[in-house]
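A short write-up of the structure that comes next.
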Amino acid sequence: MDFIIDTLFQIFFTFFWVIGLLVILIKEKNKKKYAFLIFFSPLLMIWTVYAYANILTARFQDISYYINSDYRTTKGKCSNVNVKSKGTTPSFVLEEETYYYNPWFNKIQEEKNYRVKYLPNSKYVIELEELK
């Protein structure tokens with residue numbers, strides 16, 4: 001369930017700025033603030049396109065895998081844990097491959113061995129098991 005919640009958060013975070021900016025532009029009466037908003041608009045649009053292309057597209061492709069519980073499995077030693085990474089989802093490196101996870105549901109430490117069930121396109125971790 002954390003995949004769905006995290007994906008909805010990513011969608012909200014990506015498009016919230018665009019909707020908020022449009023509302024401000026429509027309601028703004030002060031013409032001097034338009035210059036700031038017009039400058040800020042392209043930056044938000046670039047962020048939205050980046051987030052959609054690099055984060056959300058892979059997540060949308062994984063929805064059918066998630067619904068059908070069709071996960072990929074791998075195991076190996078964690079070499080790096082990155083709390084802040086692509087978008088807002090933390091990541092870790094396992095056998096030179098980057099995987100994304102929700103730190104509320106998974107606790108990962110460097111130099112430990114794990115078995116990971118993940119979604120193939122987004123590399124989002126569904127289940128994590130520490131190997132002894």
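A compact table of results
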read-out	value
For Val125, solvent-accessible area (1.4 Å; no DNA, RNA or ligand), Å²	0 Å²
Largest-first principal axis extents of the Cα set of the chain (Å)	64, 31, 22
Share of carbon and sulfur in the accessible heavy-atom surface of the chain [1.4 Å probe, %]	62 percent
Beta bridges per DSSP with both ends in the chain, % antiparallel, nearest 5	95 percent
For the chain: lysine pairs under 15 Å (alpha-carbon distance), excluding those fewer than 8 apart on one chain	12
Unit Cα scatterers, Debye sum, the range 55-116: log10 I(q)/I(0) for q = 0.14 Å⁻¹	-0.43
DSSP H segments from the chain that extend 18 Å or more along their own axis, Cα-based, with Kyte-Doolittle mean of -0.5 or above	2-27, 32-51
Within the range 2-17: backbone nitrogen closer than 17 Å to the Leu43 label point (7 Å, Cα to C-beta)	14-17
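The values are calculated or read from the model by the stated rules, or taken from the named source; none is laboratory data. Only a predicted model underlies this, so the values are computations on that prediction, with no experimental measurement involved. Here Cβ is always computed from backbone atoms with ideal geometry, including for glycine, and neighbour counts include all displayed protein chains. Heads up: the accessible areas ignore ligands, DNA and RNA and are worked out on the full protein's heavy atoms, side chains in. Shrake-Rupley method; radii C 1.70, N 1.55, O 1.52, S 1.80 Å.
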